[in-house]
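**Student:** My structure is below; once you've seen it, I'll send some questions.
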Amino acid sequence: MATEARSRIISSAIALGRRNGLANLAIADILADSGTARRSLYTHFPRGVADVAVEATKDAAALLGQLFDVGARMEPRAGLAMFVEGWKAWLESDGFSLGCPIVSAAMAKNSLPEAAAIAEDAFVDWESKIHANLLEHGVPEDKARSLAMFMVSSVEGATFRCMSSSSAEPLLATQKHLEELLDLHLPAK
């Protein structure tokens, strides 16, 4: 039961952070959304919002990291397509109202620096996985690192545009142009 309450609190924090920004996370909202008691929240998270934000960011980073692990075992174009399709489905499932939980944590740098540091580590991890995949598929080192960073940054930026426009079009346009970039840097088959 205690583990169930903790999981509900973290899930609620992720959803609320995606909707309103992690910096705007409030205990009352978490309790209402998760259906848990205040005592239960403070039993698991003695520092309140700060602890919840850290654990929510860790869980979100781990979940998204698994998606990058799958993509890193694929040919780069296929990995990109798989990631974009998953991200598109995630955005569409909530009517384009929920953004990336890692961006939400990064944007809370002033109020929740521990969560923001975890977010930065997640971005670096994702870029490292893409970088290694690009190297494995023949992209030169001098291009692979910056291309990996550009890919993550582009998809995250497209996510904001999708939310703003309530459309997957920005993400699909980003995918198209990232595929063109990959075609420029991957060796011809």
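**Student:** Give, as residue ranges, the helices (runs of 4 or more DSSP H) completely inside segment 89-189 that count at least 1 residues that are surrounded by fewer than 16 Cβ atoms within 10 Å (Cβ to Cβ).
**Tutor:** Per the criteria, 113-136, 141-165, 169-185.
**Student:** Would you be able to tell me the number of residues in segment 50-81 that are touching a residue at least 24 places away in the same chain (Cβ under 8 Å), in contact with a Gly (Cβ under 9 Å, 6 or more places away or on another chain) and of a type in the set (Val, Ile, Thr)?
**Tutor:** Final tally of qualifying residues: 1.
**Student:** Another one. Looking at segment 1-59, what helices (runs of 4 or more DSSP H) fall wholly within it and have at least 3 residues that are closer than 23 Å to Cys162 by Cβ, modelled with pLDDT of 95 or more and aliphatic (A, V, I, L, M)?
**Tutor:** 2-20
**Student:** Please go through (1) out of contact with any Gly (no Cβ under 7 Å at 6 or more places or on another chain); (2) touching a residue at least 12 places away in the same chain (Cβ under 8 Å) for Met163 and return the number of the only condition it doesn't satisfy.
**Tutor:** Evaluating Met163 over (1) out of contact with any Gly (no Cβ under 7 Å at 6 or more places or on another chain); (2) touching a residue at least 12 places away in the same chain (Cβ under 8 Å) leaves (1) as the failure.
**Student:** If you check every pair at least six apart or on different chains, which have Cβ atoms under 7 Å apart with a residue in segment 106-124 that is over 14 Å from Met149 (Cα atoms) first and a residue that is among the acidic types (Asp, Glu) and part of a helix (DSSP H, G or I) second?
**Tutor:** Pairs found: Ala106/Glu120.
**Student:** Would you check if Leu22 is in contact with a Leu (Cβ under 7 Å, 6 or more places away or on another chain) and touching a residue at least 60 places away in the same chain (Cβ under 8 Å)?
**Tutor:** Judged against the criteria, Leu22 is a match.
**Student:** In this structure, does Gly71 turn out to be modelled with pLDDT under 95, part of a helix (DSSP H, G or I) and under 26 Å from Ser167 (Cβ atoms)?
**Tutor:** yes
The values are calculated or read from the model by the stated rules, or taken from the named source; none is laboratory data. Note that this is a predicted model, so its numbers are computed, not measured. When we count neighbours, we look across all protein chains shown, and the Cβ atoms used for this are built from the backbone with ideal geometry, even at glycine.
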